[in-house]
Amino acid sequence: MVITLFEIDIIPFYTYPESTRGRESAKARGKTGGRPRTDPEKLEQAKILYENSDKTAQEVCKIFGFGRRTLFNYLSEKRKDFKSM
């Protein structure tokens, strides 16, 4: 048990520097991490197509190359913005 507690205490000392160096190296190369943002213009075009055609959300998303959840999140944000006006 004492050894386990000791190991838990020293884990940051031998893992933290490695991950920090990797992030710093990526940052120096211009990499930021995470998913790229979906183009707002593409989302607006998808919204117009979805609302003004008989296509399903799945069909629209397949055309534009993103997921249904992305489209519905965008629609939800737009409705909130419209209601707050």
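Overview of values
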{"read-out": "All positions within the range 62-85 that are polar (S, T, N, Q), out of contact with any Ser or Thr (no Cβ under 9 Å at 6 or more places or on another chain) and either in contact (Cβ under 8 Å) with a residue 24 or more places away in the chain or loosely packed, with under 11 Cβ neighbours inside 10 Å (or both)", "value": "S76, S84"}
{"read-out": "All helices (runs of 4 or more DSSP H) inside the range 36-85 with 1 or more residues being of a type in the set (S, T, Y)", "value": "40-51, 68-83"}
{"read-out": "Out of E59, E41, sole residue that is within 22 Å of the chain's Cα centre (by Cα), loosely packed, with under 10 Cβ neighbours inside 10 Å and modelled with pLDDT of 95 or more", "value": "E41"}
{"read-out": "Which listed residue, of A28, A46, is under 21 Å from the mean Cα position of the chain (by Cα) and either modelled with pLDDT of 80 or more or β-branched (V, I, T) (or both)", "value": "A46"}
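The values are calculated or read from the model by the stated rules, or taken from the named source; none is laboratory data. Predicted model only: the values in this text are computed from it and were never measured. Ideal geometry is used to build each Cβ from the backbone, glycine not excepted, and the neighbour counts take in all protein chains shown.
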